[in-house]
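Worksheet: the structure to be examined is printed underneath.
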Amino acid sequence: MAKIKRNSHKILYRKYSSNLKYVMMVITVFIITLFLPKQPRFRYEFERNKVWMNKDLISPFSFAILKTNPQVTTDKKNALKDVLPVYQLDPEVTANALEEFSNEFDIKWKSTQLDEKDKVLYKNQGYKILKDIYDRGIIGLNVKHLGGAKNYDFSLMSHNVGKDRNTQDVFTAETALLYFRSNFKAPNQVMADLVANLAEDHITPNIIYDERLTQVIQDNTVNNVSTTKGMVQKGELIVAKNDVITDEIYQKLESYKATYDAQTKTIGSRTLVYVGQVVLVAFILTILMSFLFLFRKDIFADNRQLSLILIVTTGMLLALTWALKMNIASLYYIPFCVVPIIIRILFDTRLALYLHMLVILIAGFFVANSFEFVFYQVTAGMVAIFSIKNFVKRERFLVSALFILLAYFVAFVGIALLREGSLRDIEWINFVPFIFSVLLSLLAYPLIYLFERIFGITSDVALIELTNTNNKLLRELAFKAPGTFQHSLQVANLAEAAIFKIGGNSVLVRAGALYHDIGKVDNPQYFIENQNTAVSPHDKLPYEQSAQIIIQHVHKGIEILRKNQIPEAIIDFIRTHHGNTRVDYFYQSFLKNSPEKFVDENIFRYPGPIPFSKETGVLMLADSVEAASRSLKNPDAQNINDLVERIINYKLEQNQLDDCDLTLKDIETIKLIFKTMLMSIYHVRIDYQQIL
């Protein structure tokens with residue numbers, strides 16, 4: 001069996017990486033469509049008290065008109081009022097009570113030494129009265145059923161036959177005792193009290209509340225309440241074009257929609273619905289991929305960045321699917337603004353806006369009032385993107401959240417006024433989901449940190465942390481190579497001012513400038529800005545070796561940053577800040593002092609590549625201009641002007657700016673900013689006429 005090489009997976013990845021993005025796209029389409037609702041979508045959207053703008057709607061089938069939820073609730077309450085509490089007549093209680101009364105009567109009579117000849121007479125009299133009481137019934141009153149009244153109706157069950165009765169038609173324990181006392185005739189008080197007390201001990205309710213049966217009857221009654229009122233026949237007009245949707249028409253439309261949804265679940269083809277979803281989602285993602293291919297080739301070529309974009313898109317749409325299946329009160333609880341915030345901070349404004357709109361377009365197919373939904377989310381997303389355009393402080397997240405909330409509020413009030421025509425009729429409780437959505441959008445902050453770590457993408461947040469001069473690497477640079485550190489600070493100021501003016505990532509260019517010469521910490525004494533004596537260590541070295549030491553700071557800088565896990569976006573500034581130019585001082589010195597020797601120009605040339613972005617191009621110019629300005633013996637306005645013009649023109653002649661996006665107008669702006677700032681640094685009175 002052939003042995004698999006240890007790095008075969010990396011070889012396969014490089015070989016098929018161009019096809020991997022299409023596999024990821026197919027998987028994304030499958031995951032998104034797998035969980036979306038599978039019934040056909042109702043084609044009409046409507047609102048109460050709005051004009052029906054579609055053509056006349058004729059019912060294609062007969063359907064029942066559903067009652068509104070408040071109507072059904074009211075009908076159920078009314079139906080429950082007619083349900084009487086159920087009481088059971090228990091004959092065993094009667095039989096036991098009469099038997100015990102008869103037995104205890106004999107014992108009591110004997111203990112009182114009354115005349116035995118009267119016992120049977122009074123025993124039969126008491127027994128008969130007590131039996132009459134039980135035959136009429138003794139009820140145990142329930143305070144819940146009284147409801148503040150003296151009596152209430154109930155249903156009396158006897159031998160599975162129910163009769164409607166009232167509590168005043170039967171005895172309670174108290175009224176039964178009074179009845180016994182008033183009807184029992186005794187020759188003396190002793191006998192009357194004896195028999196009455198005995199009867200009191202055996203007066204027990206035989207009409208007992210049956211809670212279980214009552215609940216069953218109530219449940220059946222509630223379940224049997226009709227949820228419909230009338231019918232719409234097939235071919236009947238539901239609503240005509242330009243009619244105002246009244247409450248009655250609105251309920252017909254709701255009933256039509258409910259019946260349509262119910263029928264399509266059983267009749268409509270779920271397979272064809274799924275095919276439609278696949279077509280739409282695949283179409284949207286194809287547009288996204290086309291956008292990246294045409295305008296962001298760097299992202300399109302990077303499968304890590306592409307997978308991040310697809311994960312964010314899929315995650316948001318899965319959150320929508322979950323909300324639809326859970327039937328939450330409002331879909332506006334979902335923080336859709338998380339998508340543009342994450343993409344804006346990790347990538348750029350244009351991609352953030354574009355991706356947000358695509359996500360909202362997909363979501364719009366599965367929500368009610370889709371135009372209103374799209375309006376809310378697109379406007380809020382745009383505000384979210386614009387509010388973090390210059391992300392230099394973490395507090396910007398809170399400011400962004402406030403702007404998003406304000407955007408939602410303005411849209412909410414505007415739509416409410418458009419719909420209701422009155423401030424008093426606005427249901428402010430409906431704004432609560434937007435507040436929760438904004439609070440949940442703050443989850444973007446930990447997600448950004450997580451995505452940075454997983455996908456190796458550098459955000460402005462990370463760049464801000466890197467520009468802190470208390471950073472370990474920058475403190476080491478300041479200690480070992482103080483001249484280089486000061487040079488880096490000045491380059492950072494020049495480059496940041498220029499990129500801010502012409503447009504670009506000022507935080508990125510500042511971070512790149514601070515680290516671009518970090519490789520000089522290895523041999524700082526070989527660089528002129530760190531030399532404190534007139535004797536240079538290069539004086540004892542061949543020109544070729546000196547050139548290699550100077551060039552080596554690029555390789556060393558890349559090694560140091562990668563060892564400390566600094567993002568590749570910063571390393572790019574080290575690789576490109578000298579482009580593929582020559583170390584001219586040592587090259588010219590070699591030609592001058594050894595004209596007879598063959599010279600390999602590559603020994604004196606930086607490895608490159610040349611700058612490939614605005615930021616790296618500006619840094620190259622700032623680095624060269626700042627370094628050259630230190631050699632000016634008389635840094636007046638004319639000398640600084642000539643220096644900047646000569647350095648930048650030389651870079652253009654050497655084709656060092658061919659791959660970056662700097663225009664001629666940008667270069668002229670950069671020249672002006674460099675001249676102005678250098679004159680300020682060297683305290684030169686600025687003569688703008690001379691500069692221009």
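See the values below:
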| read-out | value |
| --- | --- |
| Estimated dipole of the chain in Debye, rounded to 20 [Cβ of Lys and Arg +1, of Asp and Glu -1, Cα centre] | 1780 |
| Antiparallel bridge percentage (DSSP; both residues within segment 81-204; nearest 5) | 60 |
| Relative contact order computed over segment 521-675 (Cα-Cα under 8 Å; 6+ residues apart), in percent | 21 |
| Per residue value of the accessible surface for segment 115-235 (all protein chains in place, 1.4 Å probe), Å² | 60 |
| Signed unit charges on C-beta, dipole axis of the chain, positive-most listed residue L439, G519, Q656 | Q656 |
| 15 Å Cα-Cα reach of K150 towards aspartates and glutamates, excluding residues that sit fewer than 8 places from it in its own chain | D169, E174 |
| Isotropically averaged projected area of segment 457-523, using the convex hull of Cα atoms (one quarter of hull area), nm² | 4.5 |
| Cα long-axis angle, helix 370-387 against the chain (0 to 90 degrees, to the nearest 10) | 40 |
| The chain - mean residue ellipticity at 222 nm from DSSP helices (-39,500 (n - 2.57) per run, n ≥ 4, rounded to 500) | -20000 deg cm²/dmol |
| Total charge dipole magnitude, segment 215-326, about the Cα centre, Cβ charges on Lys, Arg, Asp, Glu only, Debye to nearest 20 | 380 |
| Kirkwood-type radius of segment 539-587, with distances r between different C-alpha atoms, in Å | 11.9 |
| Protection-proxy order for peptides 204-212, 355-363, 559-567, each taking the mean of Cβ atoms within 10 Å per residue, highest first | 355-363, 204-212, 559-567 |
| Dipole axis of segment 379-510 (+1 Lys, Arg; -1 Asp, Glu on Cβ), positive-most option in G414, V491, V461 | V491 |
| Alpha carbon convex hull of the chain, projected area averaged over orientations, nm² | 60.3 |
| Partner aspartates and glutamates for K110 [C-alpha distance under 12 Å; skip if fewer than 8 residues away on the same chain] | D118 |
| Volume in Å³ per residue [convex hull over Cα atoms, computed for segment 568-692] | 116 |
| HN-Hα J in Hz across segment 363-368 - Karplus 6.51, -1.76, 1.60, θ = phi - 60°, x for Gly and Pro | 4, x, 6, 10, 10, 6 |
| Simple Cβ-charge dipole of segment 424-532, Lys/Arg +1 and Asp/Glu -1, about Cα centre, in debye nearest 20 | 200 |
| Accessible carbon and sulfur surface of segment 21-176 relative to its total accessible area, %, 1.4 Å | 53 |
| All lysines inside 25 Å of K671 as judged from Cα atoms, apart from same-chain residues fewer than 8 positions distant | K501, K614, K633, K651 |
| The chain, relative contact order in percent, only Cα pairs under 8 angstrom and at least six apart counted | 12 |
| Surface per residue (accessible, 1.4 Å probe) for segment 519-560, Å² | 55 |
| Kirkwood Rh and Cα Rg combined as Rg/Rh, segment 187-306 | 1.52 |
| Cut-off under 5 Å, modelled amide H: who pairs with V239 long-range | L57 |
| Share antiparallel - DSSP beta bridges, the chain, percent rounded to 5 | 75 |
| Carbon/sulfur fraction of accessible area - segment 560-692, other protein chains in place, 1.4 Å, % | 49 |
| Of all accessible heavy-atom area on segment 432-517, the percent that carbon and sulfur account for (1.4 Å) | 62 |
| Packing-based ranking, highest mean first, of 96-107, 158-169 given that Cβ atoms within 10 Å are counted | 96-107, 158-169 |
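The values are calculated or read from the model by the stated rules, or taken from the named source; none is laboratory data. Quick caveat: nothing in here was measured; it's all calculated off a predicted structure. Backbone-built Cβ (ideal geometry, glycine too); neighbour counts: all protein chains shown. Just so you know, the surface numbers come from the protein's heavy atoms only, side chains and all, with ligands and any DNA or RNA stripped out. Shrake-Rupley method; radii C 1.70, N 1.55, O 1.52, S 1.80 Å.
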